[in-house]
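In what follows, a structure is listed as structure tokens, so that the remarks can point back to it.
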Amino acid sequence: MRKKNLLLWISATLVYLFLYLPLVLVVVFSFNDSKLNAEWVGFTWKWYGKLLHNREMLTAAMNSLIIATVSAGVATILGTLAGMAMSQCRLRLLQFLVLSPIAMPDILMGVSLLLLFIMVNMTLGLLSIMLAHITFCIGFVALSVQARMSSMDPALVEAARDLGASPWRCFRDITLPLLIPGILAGALMAFTLSIDDFVITFFTAGVGSSTLPLQIYSMVKIAVTPEVNAVSTLLMLLTLVVITTASRLSPAIFRGE
Amino acid sequence: MVLFYAVMEITALLEIVDVSRHFDDFVALDKVSLRIEAGEFFTLLGPSGCGKTTLLRLLAGFDQPDGGDILLEGKSIISSPPEQRPLHTIFQNYALFPHMTVAENIAFPLRMAGITKKDIQFRVAEALENVRLPDKVRHYPDALSGGQKQRIAIARALVNRPRLLLLDEPLSALDAKLREQMQIELINLQKDIGITFVYVTHDQGEALALSHRIAVMDQGRIVQVDVPERLYGFPNSRFVADFIGKCNLLEGYVHEQQGDSVTVELDGLGMVHVCRSETKCVAGSRCALTLRPEKIRIAANVSPTGDESHFSGSVHDMLYLGDVTVYIVALSNGLLLEALLANSSSGRTNFFEVGDFVEVAWSCDAGHLVLE
């Protein structure tokens, strides 16, 4: 028994090391007072300071925030409607249509969206990235809203109608308030997915519309500088906060219910 | 005279005319017709799947019938959406809005009706007073017990005085003690406010205790509509006799009928005499004698009077239930008959043991004949 436990502990530790060591290294070296990611020299905030003066980086960060906010916003509205429809109508095709962009390989989504934008003669830029992000975010919001919706007692809607609420009042006063946690969780997920996305953004971005992940990639092509570590750490922190908030709001979807 | 009849027509508060509802191949309701009077406590009773809940949902407007009409005070309500029908529903699981406080829940129907804030406040307070929960105003439904939720649901449904209250097995989620207490509260409430109740349940005891009239349903049809005493004493079919209370069904043939006096040949038992029969039967037709356990006398030696039928047998099984003991008596032909003895005398409660030789007897008007 003890031996079994020990083995379990060792294997678990190894797995978690494998998962988290790279991330820990990025965070640690973002505070390292050396240009090389080789040995620990001393603690410093200076790479974070340098970030603030890197105009390209700031523009990219700004782009990322705008794109993530707008796409998460639009995807939340559309995804909420899709999620409600999915839980109410039993048509399998609808599930398939809404959710398949989630399962599609990013590279395929990227290429196909690029082809579409070229076909309709659209200039690649913030707008094309937003459209692309909205496309793949809708499914996630819809999933989150659907999970919330299916845990809702259908008698509540009937009770509201029975007590004199029109379909619209019923949606506004009963359904929507009860769906809020699911909608918010979906919105936050959409936000992190958008801000982190590289592949699809890579295909749909134009000149001067670089986002944070694209900017990091172009910097890494030269060398993994401590500055890259610093911006990665910040991105990680943002994602972590948003995802934690989302999972607090709607535990069900993160438990795969 | 014409005017008088016109008035008579209007007194039926709710009229259900030939209402049918099919779900694919399944017939949930088959041409159901009912008249429910104003002020009645009317119960739809039947086993699960008999169509009682389907009918209630049609009345509430959550579902549409495939045929027939529903009239409220003489006007068809079939095409009105639920929010425009002057009736409210009490749901099985109460359906209180979890994101609203008790006060907000009760205020909801008033708010939807466009009543001013000041009036709402006053009427919510009044409603809470009526259900004796004035201190729960700021609580959320999650913080209430089952019985309290029940009362809030009733307060919410009654606060804007509907013409009709539909109740869908409202007591099924409560434990036995609380259920009995709520039954008494429901009876008193209905009597006090005088609003017509249409109550759905599968619990025959509850139906007998609460209702003015009961409609027994089976497989989408109404089998019998009557007051509780008639339904229990004079069921019109084997189904109703068996479904309402406990009942012994003795199969046989009608041998002879003279007025309200019938001779029946029971299978394997022989002739019995039934007097004051209300059943119109033809000699030679199949029938069943329904006998309630409490109407059967059981003794070591029954010494029957002139108008009693009696048979001998032995105790096959017995169930001690506290207030009464149920004896299952095996008659000479193997038929099992259920009889009751009240344990009302002090001291010894077991009159017989399993295997004891006993006699049973019932008077000629104890049984009731059913043909269907």
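Every number in this text was worked out from the coordinates using simple rules, so none of it is lab data. Because the structure is a prediction, the values reported are computed rather than measured. Backbone-built Cβ (ideal geometry, glycine too); neighbour counts: all protein chains shown.
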What shape does region B:195-335 have by the C-alpha gyration tensor, where a ≥ b ≥ c are the square roots of the eigenvalues, rounded means a/c under 1.5, and otherwise prolate means a/b greater than b/c and oblate the rest? oblate
State to the nearest 20 debye the size of the charge dipole of region B:246-370 about its Cα centre, where the only charges are +1 on K and R beta carbons and -1 on D and E beta carbons. 180
What is the calculated FRET efficiency for B:Ile115 to A:Ser100, with r their C-beta to C-beta distance and R₀ = 56 Å, to the nearest 0.05? 0.70
Just want the answer: with Cβ charges of +1 for Lys and Arg and -1 for Asp and Glu, which residue in A:Ser30, A:Ser87, B:Gly61 is farthest toward the dipole's positive end in the protein assembly as shown? A:Ser30
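Whole-Å semi-axes of region A:153-257's equivalent ellipsoid, largest first, each the root of 5 times a Cα gyration tensor eigenvalue? Walk me through the intermediate numbers first.
On the way: eigenvalues 355, 49, 18 Å².
Output for region A:153-257: semi-axes of 42, 16, 9 Å.
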With n ≥ 4 as the cut-off for DSSP H runs, can you work out [θ] at 222 nm for chain A, using -39500 (n - 2.57) per run divided by the number of residues, rounded to the nearest 500? -25500 deg cm²/dmol
How large are Rg and Dmax for region B:210-277 when calculated on the C-alpha trace, in angstrom? 14.1, 40
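Taking Cα pairs under 8 Å and at least six residues apart, what relative contact order does chain B come out at, in percent? Kindly include the intermediate steps, with their values, before the conclusion.
On the way: 750 pairs, mean separation 55.1, N = 372.
Relative contact order of chain B: 15 percent.
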Region A:106-214: projected area of the alpha-carbon convex hull, averaged over directions, in nm²: 8.4
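With Cβ to Cβ distances under 10 Å as the rule, what net charge do the other residues near A:Ala155 carry (K, R +1; D, E -1)?
Working: positive: none; negative: A:Asp153, A:Glu158, A:Asp162, B:Asp168.
With Lys, Arg at +1 and Asp, Glu at -1, the net is -4.
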Furthest towards positive pole of dipole, B:Thr116, B:Pro82, B:Val264, structure part chain B, Cβ charges: B:Thr116
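Under a Cβ-only charge scheme (Lys and Arg +1, Asp and Glu -1), can you give me the dipole magnitude of region A:45-254 about the Cα centre, in debye to the nearest 20?
Numbers: 11 positive and 9 negative charges, 22 e Å.
Taking the Cα centre of region A:45-254 as origin, the dipole is about 100 debye.
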Compactness of the protein assembly as shown as Cα Rg over 2.2 N^0.38 Å, two decimals: 1.44
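Net charge near B:Ser237, counting Lys/Arg +1 and Asp/Glu -1 over other residues with Cβ under 13 Å of its Cβ?
Details: positive: B:Arg221, B:Arg238, B:Arg286; negative: B:Asp218, B:Asp226, B:Asp242, B:Glu372.
Overall, the nearby charge balance is -1.
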Please give the net charge around B:Val124, taking every other residue with its beta carbon less than 12 angstrom from that of B:Val124, where Lys and Arg add +1 and Asp and Glu add -1. +3
Disulfide-incompatible cysteines by the Cβ rule (no partner under 4.7 Å) in chain B: B:Cys50, B:Cys247, B:Cys281, B:Cys287
Simple SL model, points at 7 angstrom along Cα→Cβ for A:Leu52 and A:Lys4; separation in nm is 5.6
Averaged across orientations, what area in nm² does the convex hull of the alpha carbons in chain B project? 24.9
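Taking the Cα centre of chain B as origin, sum charge times position over the Cβ atoms of Lys and Arg (+1) and Asp and Glu (-1), and report the length of that vector in debye to the nearest 20. Show your work: numbers first, answer last.
On the way: 34 positive and 48 negative charges, 322 e Å.
With Lys and Arg at +1 and Asp and Glu at -1, about 1540 debye.
Loop-only check: which chymotrypsin sites (Phe, Trp or Tyr not before Pro) in region A:1-92 are DSSP coil with at most 14 other Cβ within 10 angstrom? Don't skip to the answer; put the middle values down first.
Working: sites: A:Trp9, A:Tyr16, A:Phe18, A:Tyr20, A:Phe29, A:Phe31, A:Trp40, A:Phe43, A:Trp45, A:Trp47, A:Tyr48; in loops: A:Phe31, A:Trp40, A:Trp45.
Filter output for region A:1-92: A:Trp40, A:Trp45.
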Please compute the contact order of chain A in relative form: average sequence separation of alpha-carbon pairs under 8 Å and at least six residues apart, divided by the residue count, as a percent. 31
Obtain the nm distance between the two label points defined at B:Lys177 and A:Leu126 by a simple spin-label model: each point lies 7 Å from its Cα along the Cα-to-C-beta direction. 6.7
With the crude spin-label approximation of a point 7 Å out along Cα→Cβ, what separation in nm comes out for A:Ser218 versus B:Thr279? 9.5
For B:85-93, mean number of other protein chain Cβ atoms within 10 Å: 3
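If R0 is 51 Å, what FRET efficiency do you get for B:Lys246 and B:Thr101 from their C-beta distance, rounded to 0.05?
Numbers: r = 46 Å, r/R0 = 0.90.
Result of the calculation: an efficiency of 0.65.
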Excluding same-chain residues fewer than 8 positions from B:Lys136, which aspartates and glutamates have a Cα within less than 14 Å of its Cα? B:Glu104, B:Glu126
Isotropically averaged projected area of chain A, using the convex hull of Cα atoms (one quarter of hull area), nm²: 19.6
Of B:Lys118/B:Lys149; B:Lys31/B:Lys52; B:Lys149/B:Lys177; B:Lys31/B:Lys280, those spanning more than 18 Å from alpha-carbon to alpha-carbon: B:Lys118/B:Lys149; B:Lys31/B:Lys280
Identify, among A:Leu179, A:His133, B:Ala127, the residue whose Cα sits farthest towards the positive end of the charge dipole of the protein assembly as shown, taking +1 on the Cβ of Lys and Arg and -1 on the Cβ of Asp and Glu, with the dipole about the Cα centre. A:His133
Residues B:Lys136, B:Lys118 in order from fewest to most other beta-carbon atoms within 10 Å are B:Lys118, B:Lys136
